[in-house]
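Below is one structure, written out as structure tokens, with a few remarks after it.
The values are calculated or read from the model by the stated rules, or taken from the named source; none is laboratory data. Please read all numbers here as calculations on a predicted model, not as lab measurements. Counting neighbours? That spans all protein chains shown, and the Cβs are built from the backbone with ideal geometry, glycine included.
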Amino acid sequence: MTKNDRANFGSKLGVILASAGSAVGLGNIWRFPYETGNHGGAAFIFIYLGCVLLLGLPIMVAEFLIGRRSRANTAGAFEKLAPGTQWRWVGRMGVLAGFLILSYYSVVAGWTLEYIIEAATNSFSGKTPDEFISSFQAFSSNPWRPILWLTLFLLGTHFIIVKGVEKGIEKYSKIMMPVLFIIILILVVCSVTLPGAEQGIEFLLKPDFSKVDGNVFLSAMGQAFFSLSLGMGCLCTYASYFSKDTNLTKTAFSVGIIDTLVAILAGFIIFPAAFSVGIQPDAGPSLIFITLPNVFQQAFSGVPVLAYLFSVMFYVLLAVAALTSTISMHEVVTAYLHEEFKFTRKRAAQIVTGGCIVLGIFCSLSLGVMKNVTVFGLGMFNLLDFVTAKIMLPLGGLFISIFTGWYMNKKIVWSEITNDGTLRVPVYKLIIFILKYIAPIAISCIFINELGVIKL
Ligand code: PFF
């Protein structure tokens, strides 16, 4: 494909909403509240914000500049910028990570569809907490239903991907992101006005630094990576569709703000509601699929119509957020197959969707009938989660910062960040300093910590 006929995002807003759509997902709405709950509330948020600002944003700029400069898929980008070197493996690892994450992420994304139907058919009403637990367990270990939903979710993602960059990703992100914001705001208002919600609000606003240790710091950095879609060249692929005059630093800043805002607002939905019915928020998936329906029922027991609306809206919100993220992972792999192996875009997308459905089926079954089939003691779902989030993403981020900080031609880096000197970027030196020194050291620490070599 020549440089000129390559697709582009059509507008600045499209660029920001598509990138923010990738970043905002299940990571913000279930992982962030769970991590916050486990690490002291406001103190964790405070450190998380520091990580987003100091590490996440510079690495996002790095991914953006690699993508826009090369105007290629992730693997092709490293090949173009460092021809004939081993750097291409960083891009290939990103593509593989995208494929693997998409497979297991779609399982959870599929669950959101089941819960939309359950909420919409009012089947939460009158259930006891124990019934919520048993019905979630029965559903997630069922050999058929979750597979049906994950297939449907991947087909929805496929539908948008084959429409292309501007008519697919950009158009749908422009519709879905504002919808998501509206739903979030309505839910926040409902949640903070519940009786007893103050305790949850206090938990989010009043830092308890006595709970902060090295582990909290490292967890906050890990969350920033996952949540901002960094480390696998996802935003690098999106940046390959940016135009020459897109301001990379500003775009990274906007995406970072939107992603962080959604995570914090998700906290304001979940904690006030949970505290108001005396539930302590804990483990990720169960918080959303077991605890929350229960919270909605109890919190609005006097007004069943609100319980109904609150539940339906929440799961629609989760599905929309997950969809804008699955699109971005799908695009990483589709662009790679399309550009490197010369498949048509449609065929490339079919291969990705088909492959993810097959792998996703095994992930889903590993939570039920194939529970006993394990590798290193982990079922397929947990294994893919571990290998990607805990190994591939930190490793990818580490290499991306070293690549831009140390390997790439300084003039190219400067011209991309400052748009050929047309933008005054006073933070340019700071970004380079972080990419050269701070990010590699900090990510190495997360990586080593996650592998359990040292426990701080
Ligand atoms: N950032 C997404 C979330 O928070 O749910 C997950 C994700 C998307 C991770 C894309 C990595 C990625 F490349």
Open item on the list: Can you tell me how many residues within region 200-210 are touching a residue at least 40 places away in the same chain (Cβ under 8 Å) and surrounded by 14 or more Cβ atoms within 10 Å (Cβ to Cβ)?
Closed with: 5
- [ ] At least 1 residues that are under 17 Å from Phe32 (Cα atoms) and of a type in the set (S, T, N, Q) in each: list the helices (runs of 4 or more DSSP H) lying fully within region 194-276 that qualify.
- [x] 214-227, 248-276
Open item on the list: Among the residues in region 397-408, are any under 26 Å from Ile160 (Cβ atoms), surrounded by 16 or more Cβ atoms within 10 Å (Cβ to Cβ) and not charged (D, E, K, R)?
Closed with: no
Task: Filter result (closer than 15 Å to Leu57 by Cβ and touching a residue at least 12 places away in the same chain (Cβ under 8 Å)) within region 417-429 - done: Ile417, Val425, Val427, Tyr428
- [ ] Considering only region 319-332, state which residues are of a type in the set (A, V, I, L, M, F, W, C) and within 10 Å of the ligand (Cβ to nearest atom).
- [x] Ala321, Ala322, Ile327, Met329, Val332
TODO: Would you check if there is a residue in region 200-219 being of a type in the set (Ser, Thr, Tyr), at pLDDT 90 or above and within 16 Å of the ligand (Cβ to nearest atom)?
DONE: no
TODO: Filter region 253-275 down to residues that are buried (at least 24 other Cβ atoms within 10 Å of the Cβ) and away from the ligand (no atom under 13 Å from the Cβ) and give me whichever is nearest to Pro58 (Cα to Cα).
DONE: Gly267
- [ ] Sort through Lys244, Lys250 and tell me the only one that's more than 12 Å from the ligand (Cβ to nearest atom) and without any contact (Cβ under 8 Å) to a residue 40 or more places away in the chain.
- [x] Lys250
TODO: Give the residue, chosen from Leu96, Leu49, Leu113, that is surrounded by fewer than 21 Cβ atoms within 10 Å (Cβ to Cβ) and farther than 18 Å from Leu395 by Cβ.
DONE: Leu49
TODO: Find all pairs meeting these conditions: Cβ atoms under 8 angstrom apart; at least six residues apart or on different chains; first residue within region 14-33 and under 16 Å from Phe181 (Cβ atoms) and part of a helix (DSSP H, G or I); second residue among the acidic types (Asp, Glu) and within 10 Å of the ligand (Cβ to nearest atom).
DONE: Ala20/Asp259; Ala23/Asp259; Asn28/Asp259
- [ ] Just give me the residues in region 132-155 being modelled with pLDDT under 90 and either loosely packed, with under 14 Cβ neighbours inside 10 Å or in contact with a His (Cβ under 8 Å, 6 or more places away or on another chain) (or both), in sequence order.
- [x] Ser134
Open item on the list: Checking the condition at pLDDT 90 or above, within 30 Å of Cys51 (Cα to Cα), of a type in the set (Val, Ile, Thr) and under 20 Å from the mean Cα position of the chain (by Cα), which residue from Thr388, Thr334, Thr326 passes?
Closed with: Thr326
Open item on the list: Taking the criterion of being within 16 Å of the ligand (Cβ to nearest atom), touching a Phe, Trp or Tyr at 6+ places or on another chain (Cβ under 8 Å) and under 30 Å from Met176 (Cα atoms), would at least one residue in region 334-357 satisfy it?
Closed with: yes
TODO: Assess whether Gly98 counts as being closer than 20 Å to Asn382 by Cβ and either touching a residue at least 12 places away in the same chain (Cβ under 8 Å) or within 16 Å of the ligand (Cβ to nearest atom) (or both).
DONE: yes
Task: Test for Ile412: is it assigned to a helix (DSSP H, G or I) and either under 30 Å from Asp245 (Cβ atoms) or more than 28 Å from the chain's Cα centre (by Cα) (or both) - done: yes
TODO: Scan region 336-376 for residues that are part of a helix (DSSP H, G or I), over 30 Å from Ala138 (Cβ atoms) and polar (S, T, N, Q) and jot them down.
DONE: Gln350
Task: Residues that are more than 14 Å from Gly98 (Cβ to Cβ), in contact with a Gly (Cβ under 8 Å, 6 or more places away or on another chain) and among the aliphatic types (A, V, I, L, M), drawn from region 326-385 - done: Leu367, Met370, Val373
- [ ] With the checklist (1) more than 16 Å from the ligand (Cβ to nearest atom); (2) closer than 22 Å to Ala335 by Cα; (3) of a type in the set (A, V, I, L, M); (4) crowded, with 19+ Cβ neighbours inside 10 Å in hand, flag the one item Ala197 doesn't pass.
- [x] (2)
- [ ] Only one of these is under 30 Å from Ile47 (Cα atoms), more than 16 Å from the ligand (Cβ to nearest atom), in contact (Cβ under 8 Å) with a residue 40 or more places away in the chain and not β-branched (Val, Ile, Thr): Phe433, Phe403. Name it.
- [x] Phe403
- [ ] Assess whether Ile270 counts as being touching a residue at least 60 places away in the same chain (Cβ under 8 Å) and either under 20 Å from Ile201 (Cα atoms) or touching a His at 6+ places or on another chain (Cβ under 6 Å) (or both).
- [x] yes
